[in-house]
Amino acid sequence: MRILGTLAELAAFRALAPSPIVLVPTMGALHEGHAALIAAARHQAGQNGTVLVSIFVNPTQFAPQEDLADYPRPFEADLSLCAAHQVDAVFTPSVPEMYPPGNSTFVEETRLSRGLCGARRPGHFRGVCTVVAKLFLLTRPDAAIFGEKDFQQLAIIRRMTRDLFPGLEIIGHPTVREADGLAISSRNRYLAPEERRRATIFSAALRAAAEEASPHQVVAKATALITQGTGSAPEYVEVVDAETLESLETLDSAAVLAAAVKIGETRLIDNVRLAARHAKI
Ligand code: PAF
């Protein structure tokens with residue numbers, strides 16, 4: 001497995017890398033969810049293609065009060081996970097490699113980024129789009145894989161790719177969950193044991209509310225269950241169209257129930273698809 005720390009090293013590797021090239025962009029602190037993305041990338045690339053993982057804690061997607069400085073960086077463990085999962089190369093650039101001093105150019109998706117997490121984390125998706133676009137330009141992959149847990153991020157990246165990188169395939173991978181249903185996330189390690197118990201209730205509340213018949217009922221039930229069960233009012237609970245992320249009044253198109261809640265200092269997001277079952281009502 002090659003470890004590429006600079007743009008020059010990446011370019012040299014890329015020039016000789018066998019196609020198809022499948023990229024798994026990450027911020028490190030790799031866990032079972034990432035392992036599933038990497039396994040899907042290997043499947044997509046085949047034994048003769050190239051699986052490239054990027055590890056870069058991207059400063060432009062963190063607001064000043066967020067956890068950039070504290071974000072976990074278990075670099076050696078990340079490399080071991082990659083090596084154990086047949087990764088061909090890990091691209092791990094420094095901040096000045098990705099953002100040269102005085103960087104003043106950004107990529108912004110302007111519609112799907114407005115609601116949900118975008119409304120609560122101004123500038124977050126501009127940072128995500130900028131770094132992902134740079135990774136696409138530098139690695140020129142045939143396909144890239146992202147987790148469905150970050151459902152809004154995936155929708156925005158699909159839109160950006162359609163608009164700016166036609167031909168590049170974006171593959172969404174189903175959310176990987178703990179045995180009790182909690183979506184696996186690098187930030188779960190911040191949860192104290194009591195907070196971890198309440199976090200399970202968050203995921204269970206979304207699943208229970210998804211059985212309701214209308215968006216209004218789904219949102220009301222999820223909000224009540226989350227508030228009672230976790231002791232925290234959710235940041236948002238919304239039923240939106242799976243592609244446009246527009247808020248829905250009826251369940252006659254593919255829909256997603258998406259929510260965010262802060263448990264202690266840890267912000268959790270999760271989502272449940274409502275599509276087929278409710279589309280028939
Ligand atoms: O989902 C993440 O880990 C990040 O937002 C991403 C896509 C790697 C961009 O920094």
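Summary table below
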item: 2 or more residues away from the ligand (no atom under 16 Å from the Cβ), at pLDDT 95 or above and not polar (S, T, N, Q): qualifying strands (runs of 3 or more DSSP E) within region 156-270; result: 236-241, 255-263
item: Residue within region 84-101 that is aromatic (Phe, Trp, Tyr), over 22 Å from Val22 (Cα atoms) and more than 12 Å from the ligand (Cβ to nearest atom) present; result: yes
item: Residue in region 4-24 that is within 12 Å of Val90 (Cα to Cα), of a type in the set (S, T, N, Q) and within 16 Å of the ligand (Cβ to nearest atom) present; result: no
item: Residue list for region 90-109, filter: without any contact (Cβ under 8 Å) to a residue 60 or more places away in the chain, closer than 27 Å to Ile38 by Cβ and outside any helix (DSSP H, G or I); result: Tyr99, Val107, Glu109
item: Residue identified as in contact with a helix residue (DSSP H, G or I) (Cβ under 8 Å, 6 or more places away or on another chain) and part of a strand (DSSP E or B) among Val87, Val24; result: Val24
item: Among residues of region 110-147, those that are in a helix (DSSP H, G or I), in contact (Cβ under 8 Å) with a residue 12 or more places away in the chain and on the phi < 0 side of the Ramachandran plot, counted; result: 19
item: Selected residue [closer than 30 Å to Leu257 by Cα, more than 13 Å from the ligand (Cβ to nearest atom) and not polar (S, T, N, Q)] from Leu30, Leu79, Leu68, Leu112; result: Leu112
item: Where a residue in region 36-55 is over 7 Å from Val22 (Cα atoms) and its partner, wherever it lies, is part of a strand (DSSP E or B) and away from the ligand (no atom under 15 Å from the Cβ), with Cβ under 7 Å and at least six apart; result: Ile38/Val51; Arg42/Val51; Gly49/Ile21
item: Every residue from region 119-154 that is surrounded by 22 or more Cβ atoms within 10 Å (Cβ to Cβ) and within 20 Å of Tyr236 (Cβ to Cβ); result: Phe125, Val128, Gly147, Phe151, Gln152, Gln153
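One line per residue, one yes/no per condition, for (1) in contact with a strand residue (DSSP E or B) (Cβ under 6 Å, 6 or more places away or on another chain); (2) over 24 Å from Gly115 (Cα atoms):
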residue	(1), (2)
Arg196	no, yes
Thr200	no, yes
Ser214	no, no
Val218	yes, no
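The values are calculated or read from the model by the stated rules, or taken from the named source; none is laboratory data. Quick caveat: nothing in here was measured; it's all calculated off a predicted structure. Cβ: placed from backbone, ideal geometry, glycine included. Neighbour counts: every protein chain shown.
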